[in-house]
Amino acid sequence: MTGEIAVRTEALTKFYGARRGIEDLGLEVAAGEVMGFLGPNGAGKTTTIRLLLDFLRPTRGTAVVLGLDPRRDKARLHRRIGYLPGELAFPGTGRADELLRFFAAARGGVDWSHVTDLAGRLELDLARPVRAMSKGNKQKVGLVQAFMHRPDLLVLDEPTSGLDPLMQQEFLAMVREARDAGQTVFMSSHVLAEVQEVADRVAIVRDGRLAAVQRVESLGRRAVRTVEVHFADPVDAAEFAVLPGVRDVDVSGPVLRCTVEGRLDPLVKAAARHEVIDLLSAEPDLEETFLSFYYHSEGTADAARADA
Ligand SMILES: Nc1ncnc2c1ncn2[C@@H]1O[C@H](COP(=O)(O)OP(=O)(O)OP(=O)(O)O)[C@@H](O)[C@H]1O
């Protein structure tokens, strides 16, 4: 599959009246890669995903998915896609297994042992009626139906929403296995950390526009964290302000606050010269990471496409 493109959009644009959903999106997802699609609420992620599946029609621009035109080849395309919508609404009052058998039949039959295996991994009880399930359990039903037919392309809109941390890890393992099996994964999220764990590249959208496409390795190097160190005794800000990647140093008696871009190691080694009582490091924040791209003026959409 190397070199093939699973998803290609060109100038893809959707306006809801005067309101911009997404504008001039040019994106390529290579076959066999996991691409994270990141952005704050309202950035245009769901709009893009719905355009790829022809649940929405573009105002202008084009999308080609698995070599097919979503509009002309919708039914054929949907059989090769596993789709998890952002907001799940299941029909009927049936049990989870009945609903999944219905989806399986619509796809021309699936290996049922794969369904029970997925349900087991996600600790989903298939004998329970879906309507009475919690949000998290409904999300698991949605995930099983997306993965059950081993689709060429998984399109997942906020797949971890409602899942507890253990199940999130199980889901990420499923994504890795899908990639190892040659499947392509396009998943949206507004949480950088979870996407970073599993994606090859991330595309960042903001206010309806593609802001950056990055390989995850380069993102890791630039990840920005806020760090707070509590020492036994007061420390001197100047000692820390000179360290590579450390900025916004603020010392208040024995408490140091700063942001660290990239490796934490220089700060940790410097801190260890004093008696450390506590150390807090906050997860990289999407907005800060984005700003870090912006100020480096690398990682623009065009540069990243050349790198794709
Ligand atoms: N049916 C609609 N009618 C009008 N505006 C819409 C509609 N759907 C989305 N929008 C607007 O389009 C923009 C992009 O929304 P979209 O749902 O695609 O973002 P998102 O990144 O998926 O956000 P979230 O994470 O909150 O789902 C937002 O400004 C939103 O208000």
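The values are calculated or read from the model by the stated rules, or taken from the named source; none is laboratory data. Predicted model only: the values in this text are computed from it and were never measured. Backbone-built Cβ (ideal geometry, glycine too); neighbour counts: all protein chains shown.
Observations on the model:
- Scope the stretch 112-133; condition among the aliphatic types (A, V, I, L, M) and either within 26 Å of the chain's Cα centre (by Cα) or surrounded by 15 or more Cβ atoms within 10 Å (Cβ to Cβ) (or both); matching residues: 115, 118, 119, 122, 124, 126, 130, 133
Rundown of residues vs (1) among the charged types (D, E, K, R); (2) within 13 Å of the chain's Cα centre (by Cα); (3) outside the structural domain of residue 147 (by TED's automatic domain parsing), yes/no style:
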{"residue": "166", "(1), (2), (3)": "no, no, no"}
{"residue": "173", "(1), (2), (3)": "no, no, no"}
{"residue": "194", "(1), (2), (3)": "yes, yes, no"}
{"residue": "203", "(1), (2), (3)": "no, yes, no"}
{"residue": "212", "(1), (2), (3)": "no, no, no"}
{"residue": "229", "(1), (2), (3)": "no, no, yes"}
{"residue": "238", "(1), (2), (3)": "no, no, yes"}
{"residue": "247", "(1), (2), (3)": "yes, no, yes"}
{"residue": "253", "(1), (2), (3)": "no, no, yes"}
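- Taken over the stretch 233-260, the criterion of being among the β-branched types (Val, Ile, Thr), touching a residue at least 24 places away in the same chain (Cβ under 8 Å) and part of a loop (DSSP other than H, G, I, E, B) is satisfied by 235 alone.
- Each residue in the stretch 1-57 was checked for being of a type in the set (D, E, K, R) and more than 15 Å from the ligand (Cβ to nearest atom), and 6 of them qualify.
- Failed item in (1) more than 23 Å from residue 12 (Cβ to Cβ); (2) crowded, with 20+ Cβ neighbours inside 10 Å; (3) at pLDDT 85 or above; (4) out of contact with any Cys (no Cβ under 7 Å at 6 or more places or on another chain), with residue 194 passing the rest: (3)
- Unmet criterion (only one of (1) assigned to a strand (DSSP E or B); (2) modelled with pLDDT under 95) for residue 230: (2)
- Condition met for residue 136 (over 20 Å from residue 87 (Cα atoms), surrounded by fewer than 21 Cβ atoms within 10 Å (Cβ to Cβ) and assigned by TED's automatic domain parsing to the domain that holds residue 90): no
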